[in-house]
Every structure is written in structure tokens, then in C-alpha cells.
1. Among the listed residues C182, C152, identify the single one that is assigned to a loop (DSSP other than H, G, I, E, B), under 23 Å from A61 (Cα atoms) and touching a strand residue (DSSP E or B) at 6+ places or on another chain (Cβ under 6 Å).
2. Please indicate, with yes or no, whether at least one residue in region 85-96 is away from the ligand (no atom under 13 Å from the Cβ), touching a residue at least 12 places away in the same chain (Cβ under 8 Å) and either touching a His at 6+ places or on another chain (Cβ under 6 Å) or part of a loop (DSSP other than H, G, I, E, B) (or both).
3. Among the residues of region 41-68, count how many are within 12 Å of the ligand (Cβ to nearest atom), part of a helix (DSSP H, G or I) and touching a helix residue (DSSP H, G or I) at 6+ places or on another chain (Cβ under 8 Å).
4. Do the conditions hold for I80, that is, is it surrounded by 12 or more Cβ atoms within 10 Å (Cβ to Cβ), under 15 Å from the mean Cα position of the chain (by Cα), not in a helix (DSSP H, G or I) and not charged (D, E, K, R)?
5. So the check is Cβ under 7 Å with 6+ separation or different chains; which pairs have a first residue in region 59-71 that's closer than 7 Å to N85 by Cβ and a second one that's within 13 Å of the ligand (Cβ to nearest atom) and outside any strand (DSSP E or B)?
6. For region 103-123, give me the residue count where each residue is away from the ligand (no atom under 14 Å from the Cβ) and either surrounded by fewer than 18 Cβ atoms within 10 Å (Cβ to Cβ) or of a type in the set (A, V, I, L, M, F, W, C) (or both).
7. Only one of (1) within 21 Å of I75 (Cα to Cα); (2) touching a residue at least 12 places away in the same chain (Cβ under 8 Å); (3) in contact with a Lys or Arg (Cβ under 9 Å, 6 or more places away or on another chain) is not met by T118, so which one is it?
8. Only one of these conditions is not met by P146: (1) in contact with a Gly (Cβ under 7 Å, 6 or more places away or on another chain); (2) under 20 Å from S69 (Cα atoms). Which number is it?
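Values in this text are rule-based calculations from the coordinates and carry no lab data. Quantities reported herein were computed from a predicted structural model and do not represent experimental measurements. Backbone-built Cβ (ideal geometry, glycine too); neighbour counts: all protein chains shown.
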Amino acid sequence: MTKKKKKRWADHYTVKAKKENYPARSIYKLQEIQKKYNIIKRGGRVLDLGFAPGSWLLYAAHSTGEDGSVIGIDIKDTDIVLPNNAKVIKADIFEYQDNELFADNRFDVVLSDMAPDTTGNSFVDSARSLNLAEAAFLIAKKTLAPKGSFVCKIFFGEDFKAFTDKVKGYFKEFKIFKPKTCRKQSKEIYIVGKDRSI
Ligand SMILES: C[S@@+](CC[C@H](N)C(=O)[O-])C[C@H]1O[C@@H](n2cnc3c(N)ncnc32)[C@H](O)[C@@H]1O
């Protein structure tokens, strides 16, 4: 890796995450969202879609405390040590839509930080991101308890508005938020729906 490239990726937040024993810098995006919107409550039940390598999962498990719980789903494995109140499932979200987990569980929060492998073609990447966000929203609709909250990453693209208009209708409070921690060149943006009303 060249010095220039190393500097670009191992930025301040990557170093900070390592020091604080989080596997990825993405922890600080959820931390910003939590500070601003207070999504995860003590004792809450959280579903974390696209959890790997596990920074959001660890942060969410800590935020709910031991009376709460977190379930993470990802196509990838993780090697982090899981807290007692967290469990993970290795699965592709597109093949998991009708699983009994979703029939039996009611979550207070559904998080999705899912992202496709990027191709460099922004049209393709945002279309794939939208597919993941749509799948996450479908699961949120099936599993969120009344007054529950939904946080979802999506790459900004031409169907962004149509998607957010649809999600907005399900929540009393709806925000679009770009954490400061997002890399400048990134097209990712987060939607935050609070207080499910449908
Ligand atoms: C940016 S990472 C998530 C980082 C995570 N929030 C953290 O803090 O460690 C995006 C994740 O989405 C997962 N993902 C992408 N497509 C998926 C799918 N179809 N089903 C489940 N997970 C998926 C990827 O495997 C990847 O681990």
C-alpha cells in the first residue's frame, strides 16, 4: 500500500476505533446518530442488518445494557467477542425475508448499515444500495414494534427521494442525516425514522 493510500484509509476515526476496541470506524456514525436522535434505549431490542465486522453491534449492545438484546445478520462472519446480550446470524438478507425470526420477534430498533461491494459505477452502486435499503425497510415493517425506530444507510442516487417519501409515511419523526464521520467522497447518507405510527 502506498503512503498516500494508507493515510486516506487509516484516518483519525480508524485509529480511534482501534484504540477503543471497535473493529471499524463506522462506530462513530452510529454514535453521532444516537447522540442526535436517542434511538437506542436501555433494555431495547435491536436488529442490526449488515452488522459485520461488528462496531454497531458492540455499540448497540452496550447502549441497550444487559436487559436489552441485539441480533446481527450479515453474509460475512466476524471474529469479535460477542457480548452476552448479542447474537449473530450468517445469512443473506434477500434470502431471509420470511424467516421465523421475523415472525416471532418485535424489535424496538432496526438498524441497517448494509452496503453493496462497490463497482465504481455510481449508478450501479446506488441501485444496489437502494435494493438493500428496500429489503431493510421491508424487514422493519414486519418486525418493528409500535413506536419503534429505523435507521438505514443508502447511497444517494436518483431513486433516493421516492424511497424516503415512502419510508417517511411510517414514522412520526423522519430525518435525513449525514454524519460528520462519513468520508467526504462517500455518497452514503442515513435516514432516521422515529416512533413508528403505522
Ligand atoms: C459497511 S459494512 C457494516 C459495518 C457495520 N455496521 C459495523 O459497524 O461494523 C456493510 C455490511 O453489509 C453487509 N451486506 C451487504 N449485503 C448484504 C446482504 N445481502 N445481506 C446481509 N448483509 C449484507 C456486508 O457484508 C457488510 O458487512
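1. Going through C182, C152 in turn, the sole match is C182.
2. yes
3. Matching residues across region 41-68 total 5.
4. No: the conditions fail for I80.
5. V70/L57; V70/A60; V70/A61
6. The number of residues fulfilling the criteria is 9.
7. Checking T118 against (1) within 21 Å of I75 (Cα to Cα); (2) touching a residue at least 12 places away in the same chain (Cβ under 8 Å); (3) in contact with a Lys or Arg (Cβ under 9 Å, 6 or more places away or on another chain), the one that fails is (2).
8. (1)
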